[in-house]
Amino acid sequence: MVQTEDAAAEYDDIAIRFLEALWGEGYLSPGGPDEVDRVLDGLTLQGKSVLDIGCGSGGITLHLVESHGCAHAVGFDVERPVVEAARARAARQGLSDRVDFVHAAPGRLPFADGAFDVVFSKDALLHVADKEALFRDVFRVLRPGGVFAASDWMISHDGEPSDEMKAYVEAEGLSFNMASPARYVKAMTSAGFRDVVATDRNGWYREVARGELARLAGPLYGRVAAVVGKEYVDKNLRTWEAMQKVLDSGEHRPTHLRGWKPDGGR
């Protein structure tokens with residue numbers, strides 16, 4: 001989520017096709033619609049306006065409309081290829097009148113103060129280095145009484161990453177700016193959020209990732225290699241192996257987040 005206008009997209013067409021083959025059409029992060037539903041557990045989106053930060057290729061944003069009944073959803077991403085893919089998917093599904101997909105450069109969110117009832121994000125905020133500025137901006141675009149619900153990939157601490165974590169991030173080759181759950185909670189609280197909760201998901205993804213690696217090395221290998229090339233699949237097999245090490249050690253901490261903007265909050 002942190003490329004400049006002139007930089008090459010980190011999530012280009014090949015990356016989109018690879019990740020969707022692994023995680024489902026429209027999904028560029030693990031767990032599919034079931035994990036989205038778990039992030040939103042207990043919340044009602046019916047008739048509400050929702051912002052999806054880091055919307056990727058649109059599957060989640062459309063799921064929020066189709067399955068959660070929000071009145072209107074806006075998917076936002078700084079990567080042009082994924083936004084174009086999301087718009088095409090919305091058109092194919094006949095949902096263009098209920099969703100918008102917005103592409104803009106990194107920085108301040110291009111939305112008015114208090115524009116949304118709900119702000120959602122799925123495994124995208126790790127690309128943003130300044131977590132404190134990020135959550136001040138999320139707080140700004142929420143209406144009083146609104147809720148922020150998200151999941152993100154985090155590191156268990158804010159010290160020097162282990163050699164294994166450094167190797168994993170290098171293998172990903174993406175603009176990761178991972179921080180600890182404690183830093184996220186502090187940044188949200190400082191921004192003005194109340195009732196902030198962080199829910200650890202390491203145990204869940206540790207086993208899911210093991211299954212992803214087995215599928216990618218086994219039954220999915222030939223089909224995915226035919227789409228994106230053997231070299232690309234082999235590179236990602238090495239990435240998954242490196243990721244599994246830091247999931248198993250506990251240093252990689254996928255986490256759910258939730259916090260509320262108080263009524264009358266500014």
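Take the convex hull of the alpha carbons in region 122-250; its mean projected area over all directions comes to 9.0 nm². Helix 202-217 and the long axis of the chain differ in direction by around 40°, with both axes built from C-alpha atoms. In order along region 188-198, the Karplus-derived 3J(HN,Hα) couplings, from 6.51 cos²θ - 1.76 cosθ + 1.60 at θ = phi - 60°, round to 5, 5, 5, 6, x, 5, 10, 6, 6, 10, 10 Hz, and Gly and Pro are given as x. Computed over protein heavy atoms with a 1.4 Å probe, the accessible surface of the chain works out to 42 Å² per residue.
The lysines whose alpha-carbon is closer than 22 Å to the alpha-carbon of Lys166, local same-chain residues fewer than 8 away aside, are Lys131, Lys235, Lys245.
The modelled label-to-label distance between Asp37 and Glu231, using points 7 Å beyond Cα along the C-beta direction, is 4.1 nm. Above 14 Å, the calculated P(r) of region 88-128 contains 67 percent of its Cα-Cα pairs. I need the shape label for region 18-149. Rule: rounded when a/c is under 1.5, else prolate if a/b > b/c, else oblate, with a, b, c from the alpha carbon gyration tensor. Rounded is the answer for region 18-149, as its axis ratio a/c remains below 1.5.
For the chain, a Gaussian network of Cα nodes joined below 10 Å ranks Ala124, Ala226, Ala150 by mean-square fluctuation, and the top entry is Ala226.
Within region 100-123, list the residues whose amide N lies under 14 Å from a label point set 7 Å along Cα→Cβ of Gln93. Residues 100-101 qualify, since their backbone N sits under 14 Å from the label point. Could you work out what % of the accessible surface of the chain is carbon and sulfur, using a 1.4 angstrom probe and leaving DNA, RNA and ligands out of the count? That fraction is 50 percent.
What the Cα atoms of the chain give is an Rg and a Dmax of 17.7, 55 Å.
The values are calculated or read from the model by the stated rules, or taken from the named source; none is laboratory data. Just so we're clear, the structure is a prediction, and the values are computed from it rather than from any experiment. With ideal geometry, Cβ positions are generated from the backbone for all residues, glycine too; neighbour counts draw on all protein chains shown. Side chains are part of the model used for accessible areas, which takes the heavy atoms of the whole protein and leaves out ligands, DNA and RNA. Shrake-Rupley method; radii C 1.70, N 1.55, O 1.52, S 1.80 Å.
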